[in-house]
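Chemist: Pasting a structure below so you can have a look.
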Amino acid sequence: MALKLKLGNRSNSATEHEDSFWKRLLRFTLVCGLFGLLIFAGVFGFYYYKYQGIVDERMNSPIFASTAQVYAAPREVRTGQKLTAAAIAQELRTAGYASNGQSGNMQLGNFQLRGDTILVKPGAQSYHSTDGATINTTGGSVMSITAENGVPLRAYELEPQLITGLSTDKNRIKRRLVSYNEIPAHMVQAVLAIEDRRFFEHGGVNYYRMAEALFTDVVLHKKAEGGSTLTMQLARGLFLSPEKAYKRKLIEILITFQLEARFNKQQIFEMYANQINLGQRGSFAINGFGEAAEAFFGKDLKQLDLAECAMLAGMIQSPNKLNPYRHADRVMERRNLVLDSMVETGAISQLEADRAKAEPIRLAPPNVDASEAPYFVDLVHDQLTQKLGDRDINREGLRIYTSLDPELQPLASDAVEEGMKNVDQLVMAMHTHKYKNGISVDPNVTLPQVALIALNPHTGQVLALVGGRNYGTSQLNHAIASRPTGSIFKPFVYAAAYNTSLNGMSLGGNGTFTALTRLNDDPQNFGTAAAPYEPGNFEHGEFPGMVPAYQAIAHSLNIATINLAQQIGYDTVAELGRQSGILSARGTPSVAIGTYNATPLDMAGAYTVFANNGVHLNPWMLASVRNMNGDVVSDFSPEARQVMDPRAAFLTTSLLEGVLNFGTAAGVRAHGFTVPAAGKTGTSHDAWFAGYTTNLLCIIWVGNDDYTDVKLQGADAAAPIWADFMKRAITLPQYSDTHEFVPPDGVHVVRLDKATGLLANDTCTNDFDAAFLDGTAPNNYCSQMGGSDDRNIVQKILGLGEDKSAPADGTPPDPNAPKKKGLIQKLFGGGDKPQQP
């Protein structure tokens, strides 16, 4: 029986089965794909509209709030001042004035430079009125200043310079907004060459770079490539965190589409230029090319050259790793790479690139204090909040005009920086111990902090302020930290004594107080039996017994000073302290040696009473607040009050001159500061120095944040910083015209012999100047006994030589008074002609 196999039918069935499987698989895949596409579309649509709302909300208000701008005090140009017309022009250009048809803010002002002559015309938005002036210079000096109406002027104020902008938010971000037209062409070309060459051609996403970045992330397991365009970087910076995640990348793309749909490429680049982070300066984040140009080069963005533009563009990749102050070699290598990229894109020629590569990196000083005075600006911000309430200072774009001298502030910062190196050496020396086998250094050494305040003693204007040794490390402002004042309070004891005498009160039954009043410096108890108070001097037994007042303050004797305060009345001393701004002072024995607290800023104000004829001035920093159009929002007036007789103020100043000339601050003179000045050292737990010339007052404080004893004398830690700063300051024209302190009516200055306390003449060389109320100075010369003249017997007989005895009222001898007649003259006549001067 034959078998028949139906192989063909079976084969057809299998084929049909396989076809059916693939069809089902295809249908399933299509359904899944369609379903996935629907899900993707739903999710995409959800997030697209979600972030459209977020973008709408952000874009409906200004993207970057107008930052409040802080300005320095206006510079005064005076006739006779060392200054050229070109230098004035540069200052006005930096301030924003337009010049001779060039770029600038005509509303702020304009100028015309014509050789050695410059015509200045403030605009409607100027700090000043619109009154212009013509300034003529010759040989580097100002020869004349003429107002627009032809009236000669002695001085003319220029437009204040911008110090900085206030931080825009709690993250301490600073930016200086720029428009696209203000960005140099080289800056745009450099950024595109290194970051996004097809920026002006793509729709916001560079898909090729995205695919390349995805391959790097997935295949090579690296997350170093982002493939982000400028628009994507902007989207991330404005709306997202910097973390690397796929979800964030998708959201970034969605926002990118939104930005590209809303803005043209120039607008997007402008936003990018103001948003991009370029590192830190102190504790502030630098955002935008405008702020970076100022921070790194001390220039306006428009002033940057090709090499500087390339450097900033190169820093975008990694601002911290490419910090030019720390990694100059890396920055230069990256800058040169940017220049090569610009050659590749055709933005510059190879010759231009080579010239730019040969240019060294020239950076502004790294000390943030030197250019932006951050402690000062923080204080200004605090005062604005107190005076203007809850107003949004930044959003209103207010212009804040202050007291700061932009030339003096860097000198203050430099003096502090250099001086604290010396302080650190002194501290380290105290914590270094020598052994036979070497030395050991205490690992827990605390380095002290510092504050410097400089002000105009006749106006109270705070000209410079340093609140610590490093703002980036610590924003604690030591200029307003309350500390025991130590011996810099002692002058108020002596001033109170003078004031008491001028009010007709006898000093403890001993008559009028003078520089020669003798004070007891022997150890004694100023307390009670139940609560004894027996202070000592800095050096035990240094000046035992009775010492003249000028020596007591010159050598900062504690016991003698408390003894004087006891005679005046402790309450009297404390009251003068409070009237002078030292509000914590109380009427106890220890008030005389500065155990009560005050801030360095308070003490700067307190010392104005000595330098300003007994008038106390509250230190001030705010002059005026204006809106963006230049209209006045608020003006501020300094507070002043007479707290002391002008004569008492000068007499105290005379004592304080002795502190520098032969007392505890004699090191100031050894340091090379030789102009007339008065001051006082202070040593308690902290080191102080307070001193002033006829036109500049400065306070230095050095101490530990934890209130432990710094164990340094004011003469060693604070006075050298003061001397260095003042030496720098007097090189500036506005502080160079120092002179002797001028006594008021009723006071005169005489030369005294230290050994006898009598008037000095040629036979007494160990002498010094001292001030006295009229009628209270010694009458006799150091070489005389009981007022008889010092001529020999032959001179007396013949009427020869000069009689140097003083009048009984204590005034200096009159050189035109007739000489005393000798015996021969009395017998035979002659000698009546007055001596000619």
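The values are calculated or read from the model by the stated rules, or taken from the named source; none is laboratory data. Nothing here was measured: the structure is a model prediction, and the numbers come from that model. FYI the Cβ positions are ideal-geometry reconstructions off the backbone, even for glycines, and counts take in every protein chain you see. Ligands, DNA and RNA are excluded from the accessible area calculation, which covers all protein heavy atoms including side chains. Shrake-Rupley method; radii C 1.70, N 1.55, O 1.52, S 1.80 Å.
Chemist: Which of the residues belonging to segment 400-431 are farther than 30 Å from residue 71 by Cβ and assigned to a helix (DSSP H, G or I)? Before you say what the answer is, go through the steps one by one.
Modeler: Applying the first criterion (farther than 30 Å from residue 71 by Cβ) to segment 400-431 yields 421-431.
Listed by number, the residues that qualify are 421, 422, 423, 424, 425, 426, 427, 428, 429, 430.
Here's the yes/no breakdown for (1) modelled with pLDDT under 95; (2) in a loop (DSSP other than H, G, I, E, B):
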site	(1), (2)
698	no, no
709	yes, yes
712	yes, yes
728	no, no
734	yes, no
740	no, yes
743	no, yes
749	no, no
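Chemist: For segment 361-384, enumerate the residues that are open to solvent by 40 Å² or more (accessible area, probe 1.4 Å), among the polar types (S, T, N, Q) and under 17 Å from residue 466 (Cβ atoms).
Modeler: Within segment 361-384, just 371 meets the criteria.
Chemist: Turning to a different aspect of this structure: Every residue in segment 111-140 that is surrounded by 14 or more Cβ atoms within 10 Å (Cβ to Cβ), among the polar types (S, T, N, Q) and within 29 Å of the chain's Cα centre (by Cα), please. Break it down into steps so the answer makes sense when it comes.
Modeler: Looking only at segment 111-140, we keep the residues that are surrounded by 14 or more Cβ atoms within 10 Å (Cβ to Cβ), and these are 111-113, 116-123, 125-128, 131-137.
Okay, now just the ones that are also among the polar types (S, T, N, Q), so 112, 117, 125-126, 134, 136-137.
Answer for segment 111-140, where residues must be surrounded by 14 or more Cβ atoms within 10 Å (Cβ to Cβ), among the polar types (S, T, N, Q) and within 29 Å of the chain's Cα centre (by Cα): 125, 126.
Chemist: Also, I was wondering about something else. Restricting the search to segment 172-204, which residues are open to solvent by 20 Å² or more (accessible area, probe 1.4 Å) and without any contact (Cβ under 8 Å) to a residue 60 or more places away in the chain?
Modeler: 181, 185, 198, 201, 203
Chemist: While we're looking at this one, here's another question. Is segment 645-664 home to any residue that is modelled with pLDDT of 95 or more, in a loop (DSSP other than H, G, I, E, B), more than 29 Å from residue 413 (Cβ to Cβ) and in contact with a Gly (Cβ under 7 Å, 6 or more places away or on another chain)?
Modeler: yes
Chemist: For segment 75-97, does any single residue satisfy the condition of being surrounded by 15 or more Cβ atoms within 10 Å (Cβ to Cβ), basic (Lys, Arg), in a helix (DSSP H, G or I) and at pLDDT 75 or above?
Modeler: Yes, some residue in segment 75-97 is surrounded by 15 or more Cβ atoms within 10 Å (Cβ to Cβ), basic (Lys, Arg), in a helix (DSSP H, G or I) and at pLDDT 75 or above.
Chemist: Condition first: of a type in the set (A, V, I, L, M, F, W, C) and assigned to a helix (DSSP H, G or I). Now tell me which residues in segment 337-372 satisfy that. If you could, list the steps in order and put the result at the bottom.
Modeler: Step one: filter segment 337-372 for residues of a type in the set (A, V, I, L, M, F, W, C), giving 337-339, 342-343, 347-348, 351, 353, 356, 358, 361, 363-364, 368, 370.
337, 338, 339, 342, 343, 351, 353, 356, 368, 370 - these are the residues of segment 337-372 that are of a type in the set (A, V, I, L, M, F, W, C) and assigned to a helix (DSSP H, G or I).
Chemist: Go through segment 647-657 and report how many residues are under 30 Å from the mean Cα position of the chain (by Cα) and open to solvent by less than 10 Å² (accessible area, probe 1.4 Å).
Modeler: Residues that pass the stated criteria total 4.
Chemist: Might you let me know whether segment 432-445 holds any residue that is in a helix (DSSP H, G or I) and free of Cβ contacts under 8 Å to residues at least 24 places away in the same chain?
Modeler: Just the residues of segment 432-445 that are in a helix (DSSP H, G or I), to begin with: none.
For segment 432-445, residues in a helix (DSSP H, G or I) and free of Cβ contacts under 8 Å to residues at least 24 places away in the same chain: absent.
Chemist: Same structure again: Whether any residue in segment 478-491 is part of a loop (DSSP other than H, G, I, E, B), over 22 Å from residue 581 (Cβ atoms) and either β-branched (Val, Ile, Thr) or open to solvent by 50 Å² or more (accessible area, probe 1.4 Å) (or both) is what I want to check.
Modeler: Step one: list which residues in segment 478-491 are part of a loop (DSSP other than H, G, I, E, B), which gives 481-482, 485, 490.
Narrowing further to those that are over 22 Å from residue 581 (Cβ atoms): none.
No.
Chemist: Another one. Please give the number of the condition residue 499 fails out of (1) crowded, with 21+ Cβ neighbours inside 10 Å; (2) at pLDDT below 95; (3) farther than 30 Å from residue 559 by Cβ.
Modeler: With respect to (1) crowded, with 21+ Cβ neighbours inside 10 Å; (2) at pLDDT below 95; (3) farther than 30 Å from residue 559 by Cβ, residue 499 is out only on (3).
Chemist: Moving to a separate point now. Please name all residue pairs, on different chains or six or more residues apart, with Cβ atoms under 8 Å, provided the first residue is in segment 613-637 and is over 30 Å from residue 652 (Cβ atoms) and the second residue is among the charged types (D, E, K, R) and in a loop (DSSP other than H, G, I, E, B).
Modeler: As it stands, the answer is 627/396; 628/396, since those pairs meet every condition given.
Chemist: Among the residues of segment 421-433, are any open to solvent by less than 60 Å² (accessible area, probe 1.4 Å) and either basic (Lys, Arg) or farther than 28 Å from residue 708 by Cα (or both)?
Modeler: no
Chemist: Same structure, new question: Quick one: is residue 394 modelled with pLDDT under 90, open to solvent by less than 60 Å² (accessible area, probe 1.4 Å) and polar (S, T, N, Q)? Can you show your working first?
Modeler: Working: modelled with pLDDT under 90: yes; open to solvent by less than 60 Å² (accessible area, probe 1.4 Å): yes; polar (S, T, N, Q): yes.
Yes: the conditions hold for residue 394.
Chemist: Right, something else. Against the condition surrounded by fewer than 19 Cβ atoms within 10 Å (Cβ to Cβ), closer than 25 Å to residue 406 by Cα and polar (S, T, N, Q), how does residue 167 come out, does it pass? Please lay out each step first, then the result.
Modeler: Details: surrounded by fewer than 19 Cβ atoms within 10 Å (Cβ to Cβ): no; closer than 25 Å to residue 406 by Cα: yes; polar (S, T, N, Q): yes.
Against the criterion (surrounded by fewer than 19 Cβ atoms within 10 Å (Cβ to Cβ), closer than 25 Å to residue 406 by Cα and polar (S, T, N, Q)), residue 167 does not qualify.
Chemist: Mind telling me which of the residues 625, 609, 591 ends up being more than 17 Å from residue 495 (Cβ to Cβ), open to solvent by less than 30 Å² (accessible area, probe 1.4 Å) and not in a loop (DSSP other than H, G, I, E, B)?
Modeler: Values: 609 fails: more than 17 Å from residue 495 (Cβ to Cβ); 591 fails: more than 17 Å from residue 495 (Cβ to Cβ).
Just one listed residue meets the conditions, 625.
Chemist: Mind listing just one residue for me: the one in segment 317-336 that is touching a helix residue (DSSP H, G or I) at 6+ places or on another chain (Cβ under 7 Å) and assigned to a helix (DSSP H, G or I) and, of those, nearest to residue 296 (Cα to Cα)?
Modeler: Taking the candidates together, the pick is 331.
Chemist: Which ranges mark the strands (runs of 3 or more DSSP E) fully within segment 102-192 that have 3 or more residues being over 21 Å from residue 279 (Cα atoms)?
Modeler: Passing ranges, in order: 109-114, 117-122, 133-138, 141-147, 155-157.
Chemist: Let me confirm something: among 288, 298, which residue is open to solvent by 10 Å² or more (accessible area, probe 1.4 Å) and touching a residue at least 24 places away in the same chain (Cβ under 8 Å)? Quick ask: steps written out before the conclusion?
Modeler: Working: 288 fails: open to solvent by 10 Å² or more (accessible area, probe 1.4 Å).
Unique residue meeting the criteria: 298.
Chemist: May I pose another question? I'd like the full set of residues that are open to solvent by less than 10 Å² (accessible area, probe 1.4 Å) and either closer than 19 Å to residue 600 by Cβ or in contact with a strand residue (DSSP E or B) (Cβ under 6 Å, 6 or more places away or on another chain) (or both), limited to segment 658-680.
Modeler: Once the filter is applied, which keeps residues that are open to solvent by less than 10 Å² (accessible area, probe 1.4 Å) and either closer than 19 Å to residue 600 by Cβ or in contact with a strand residue (DSSP E or B) (Cβ under 6 Å, 6 or more places away or on another chain) (or both), segment 658-680 yields 659, 660, 665, 668, 677, 678, 679, 680.
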